[in-house]
Amino acid sequence: MKNNDWKDRLGIMYSTDPDFQYNTGDEEEVDTLPKEKQLLRISLDKRNRGGKAVTLVTGFTGLEEDLTTLGKFLKVKCGVGGSAKDGEIIVQGDHRQKVLEILQKEGYIKSRII
C-alpha cells in the first residue's frame, strides 16, 4: 500500500506558487551532547508558582527522552517531584546545591548555579 501523503494535509489551503514547499511542522531534534559539553544552569524560580520555590535546570541540548531521563534521575536523587519538558527540568523545592553536586558526580562538569 502506498503512502498517501495528501491525507496528512487535509484542511490546508491550495497554493498557486510553483516554488511552494509544504512544511509539516515536524522539526528534527538535535542529538544529545556528551555530558562534558552540556552547559547546564541551575537557578531558583518562584515566579507564577503560587509562592512555591522550584529548582530550575536549563541549557540542556539534546533529545527529549534524554531530558526526561535526566529529570527523573534528579527527582529520585532529591526525593521530590517535578517535571522535564521544553528543555528545562523542574525540581520542587530549593535543591540547587544538591542538584549541582549530583550533576558534577554524573559528569556534567560545566554545570553552575546562577
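Worth a mention:
- Cα convex hull, region 10-114: 161 Å³ per residue, rounded to a whole number.
- Within the same chain, lysines fewer than 8 places from residue 98 are excluded, and of the rest, those with a Cα less than 28 Å from its Cα are 35, 37, 46, 52, 72, 75, 77, 85, 110.
- Protection proxy ranking for 102-113, 84-95, using the average of other Cβ atoms within 10 Å per residue and placing the highest first: 84-95, 102-113.
- Extension gain, residue 15 back to residue 88 (0.36 nm per residue minus Cα-Cα distance, nm): 22.5 nm
- Neighbourhood charge, 11 Å Cβ-Cβ cut-off, centred on residue 112 and excluding it, Lys, Arg +1 and Asp, Glu -1: +3
- Length gained on full extension, residue 112 to residue 37, computed as 0.36 nm times the residue gap minus the Cα-Cα distance: 25.7 nm.
A short reminder: the numbers here are calculations on the coordinates, not readings from a lab. What you are looking at is a predicted structure, and each value in this text was computed from that prediction instead of being measured. In this analysis, Cβ positions are derived from the backbone assuming ideal geometry, glycine residues included, and neighbour counts consider all displayed protein chains.
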